[in-house]
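Laboratory data are not the source of any read-out in this text; all were calculated from the coordinates shown. Model, not experiment: these values are computed from the prediction. Every residue, glycine among them, receives a Cβ derived from its backbone with ideal geometry; neighbour counts consider all protein chains shown.
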Amino acid sequence: MPTITPKHSAAPTTIFTVMSALAGQHNAINLSQGFPDFPLDERLSGLLQEAAATGWNQYSPMAGLPALRSAVAADFTKRYDVGVDADTEVTITPGATYAIYTAFTAILQAGDEVIVLEPAYDSYLPNIQMNGGRVVPVALTAPDFGVDWNKVKAAMSAKTKAIIINTPHNPTGAVWAREDWDTLAEVVRDTDCFVLSDEVYEQLIFDGKRHYSVLEHPELRERSFALYSFGKVFNNTGWKIGFCIAPPALTDAFRKIHQFAAFCVNTPAQYALAAYMSAGIPNNVGALMEGKRNFFLNLLQELPFTVHKPAGGSYFQLVGYEQISDMPDLDFAKWLTINHGVATIPISAFYHNGHDDKLIRFCFAKKEATLLAASEKLRSL
């Protein structure tokens, strides 16, 4: 039989699949994987039905429906006061994870190095390795998970082709300040380093803070792919639609890969999103998720977990469990699922070397009834 040489060194099955399967096996409440368990706006689902009923069922243009690209450009101009060209800078993709992979594929050659700030979303490492690149990990500083810029500068080399940024951050909920972007600009200035800015949680921002996008930084924007997810904005992660905003030259390179990988994206869903966004319907997803985070934080006060810092954004809250056990975090997460009926994600899964700070990640993007039921199960701790 022919053999297959592995393309990457990541685990053969993602931690999200492992923990969700364990939750199903033991009938546990799944606070591990990042998806809402409440319905999306009926107006949006109605537009999806309208699209299928009125003939929007064939291939869309490769770059995405013009109406959706225009809606994206108008939205970013309104919210960030930045000019975005719908034709030359916006590409609709089958999810943000796909967009990340495509951006890496567009720029990487064998032997190129990519700086990854860990803990990091688990697709980054295999995406880089599958494109012949070498991951250069730089650890964020627990428990606040800020960037040690001296470590980033030390990691830069003549082979550094890219650095990938994620804010608000998965898995920690940390949020970059404007000063972080300014420092990044100093680090990559006069280099050939691209920036991949994973901003999928950009509208899920809490405590009166604001999200600073790479698109707002003129110097960085010229070398950056900014990557987004409609699923995180409209609570429809299963639609798997995202987009990339990049300067024309980078968009051209991105589309040269995209046209031969997916070519185009689900047309009825694109129609629905374009019509929904163009209708000017207010989006309160940030306030919605902040309310869920606060509700969950109140529940945690009655449980033996340590909240080192409330999440500043995203779907996720990290907690320590040192009052309960000294088990490694993966063992603890499995034990909690099996014995107490609540599934979480161990943070060591977001490090290339399994670094363990004895932290787990809860997803609070759930109905209040779900969060309350989970806390009731955890009272037995």
Neighbour-count ranking for K256, K161 (other C-beta within 10 angstrom, fewest to most) reads K256, K161
With Cα springs under 10 Å, the Gaussian network model of the chain assigns the largest mean-square fluctuation among P168, P39, P66 to P39
Correct response: the longest run of the chain lacking exposed GluC sites (Glu not before Pro), defined by DSSP loop and at most 14 other Cβ within 10 Å, is 1-221
Scoring region 42-278 by relative contact order with C-alpha pairs under 8 Å, at least six apart, yields a percentage of 31 percent
Length gained, A261-I4, 0.36 nm per residue minus C-alpha separation, equals 90.4 nm
Checking region 1-110 for chymotrypsin sites (Phe, Trp or Tyr not before Pro) in a loop per DSSP with at most 12 other beta-carbon atoms within 10 Å yields Y59
Largest fluctuation, L288, L31, L125 only, Gaussian network model of the chain with Cα springs under 10 angstrom, belongs to L288
A chain fully extended from A11 to A249 at 0.36 nm per residue, minus the present Cα-Cα distance, gains in nm 82.2 nm
Among K153/K292; K161/K366; K153/K334; K232/K309, the pairs whose Cα-Cα distance exceeds 29 Å are K153/K292; K161/K366; K153/K334
For Q323 and Q301, extending 7 Å from Cα along the Cα-Cβ vector and measuring point to point gives, in nm, a value of 1.3 nm
So, with points 7 Å from each Cα along the Cβ direction, the T77-N284 label distance in nm works out to 2.8 nm
Most exposed to least, judged by fewest other Cβ atoms within 10 Å, K358, K7 sort to K7, K358
When H258, H355 are ranked with the fewest other C-beta atoms within 10 Å first, the list becomes H355, H258
The alpha-carbon center of region 112-134 and that of region 260-308 are separated, in whole Å, by 26 Å
One finds, for N294 and K367 with R0 = 22 angstrom and r their Cβ-Cβ distance, a FRET efficiency to the nearest 0.05 of 0.90
Among I360, I345, I257, the residue with the largest mean-square fluctuation in a Gaussian network model of the chain built from Cα contacts under 10 Å is I257
DSSP beta bridges in the chain: the antiparallel percent, rounded to 5, is 45 percent
For region 24-109, averaging the sequence separation of alpha carbon pairs under 8 Å that lie six or more residues apart and dividing by its residue count, the contact order in percent is 19 percent
